[in-house]
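Report on the structure given below.
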């Protein structure tokens, strides 16, 4: 079963133009057919949510020209989707899966930094206490010397 980030990347990669094509655009029905043909674990509601997320993130856009060109009277409002330049760049950088991996690495680094900072704060506090005890001991020793001599 694919993770959510892998599903986002899978659908976004569908839109990368093949070698000879200038741009790829698919209808919602085309997308469902391709996904079902690949035997992926998607449901219809999930595909819609993924498409909305990809559009919201700026990685897909509606291909208005193709929709108008191919629409018949019954299909008014039939949408075609295409990848944006930002979507292509995002995929070249590893897509959602890589973004999630980097986020997890940064989170682990932050957790490590917090542990180190807490340890350093403890060491500093203990050192300050020892320095105070040492200073008090030195003061008492000097006081004792001055009284006794």
* Among residues belonging to segment 37-55 that are at pLDDT below 70 and part of a helix (DSSP H, G or I), point out the one that is surrounded by the fewest Cβ atoms within 10 Å (Cβ to Cβ). => 37
* What number of residues within segment 56-95 are in a helix (DSSP H, G or I), over 18 Å from residue 34 (Cβ atoms) and at pLDDT 70 or above? -> 7
* Asked: Is segment 134-147 home to any residue that is exposed (fewer than 10 other Cβ atoms within 10 Å of the Cβ) and not in a helix (DSSP H, G or I)?
  -> no
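The values are calculated or read from the model by the stated rules, or taken from the named source; none is laboratory data. Note that the structure is predicted; figures quoted are calculated from it, not measured. Every residue, glycine among them, receives a Cβ derived from its backbone with ideal geometry; neighbour counts consider all protein chains shown.
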